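The values are calculated or read from the model by the stated rules, or taken from the named source; none is laboratory data. All figures in this text were calculated on a predicted structure; none of them were measured in a lab. Glycine also receives a Cβ, built like all others from the backbone with ideal geometry; neighbour counts cover every protein chain displayed. In case anyone asks, the SASA skips ligands and DNA or RNA and just uses the protein heavy atoms, side chains included. Shrake-Rupley method; radii C 1.70, N 1.55, O 1.52, S 1.80 Å.
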Amino acid sequence: MNYDEYNEFCGSFPATTHVVQWGNAHVWKVGGKVFAIGGWGSNDQPAFTFKTSDLNFEFLSDHDGYQPAPYFANRGMKWIQQTETSGALDDELKYYLTESYRLVSLGLSKRKQRELGLNQSQ
């Protein structure tokens, strides 16, 4: 996945905003809270960082193409960085970006979720 595809995918979620910050990283937020970061790869290669569940963090920490996210993980946060961006893991990345969006949106206050029209049961 390249940054254009990443930005298109993250922009498809409701109530998201995109900013370029932190060393030209593509940062996606929901309700003002970060759920995905595109950037910070080594040797100018793409890399994608996202929040995970505890279980996915443990699994991905030892999985090829992933690593605990620099800065986040060493502060106890369950964030992973996908470093394998040849396209082989694109479907997995879409799943984990979707999960990150879900986790972060559920962490917003109920009031904020209502304002944004998120996670409302019918």
*In region 43-115, which chymotrypsin sites (Phe, Trp or Tyr not before Pro) fall in coil by DSSP and have 14 or fewer other Cβ atoms within 10 Å?*
71
_Given charges at beta-carbon only (K, R positive; D, E negative), |dipole| of the chain in Debye_ = 980 debye
*asked:* Accessible area of the chain with a 1.4 Å probe: how many percent of it is carbon plus sulfur?
replied: 47 percent
*Find the Rg to Rh ratio for the chain, where Rh is the Kirkwood radius over alpha-carbon pairs and Rg uses the same atoms.*
0.96
*Quickly work out the residue 22-to-residue 86 label distance, labels modelled 7 Å from Cα along the C-beta direction, and quote it in nm with one decimal.*
2.7 nm
*Specify, per residue and in Å³, the volume enclosed by the convex hull of the alpha carbon atoms belonging to region 59-122.*
119 Å³
*Candidates 81, 67, 45, ranked by Gaussian network fluctuation over the chain, Cα under 10 Å, top entry*: 45
*If you stretched the chain out fully between residue 59 and residue 114, how much longer would it get, using 0.36 nm times the residue separation minus the C-alpha to C-alpha distance?*
16.5 nm
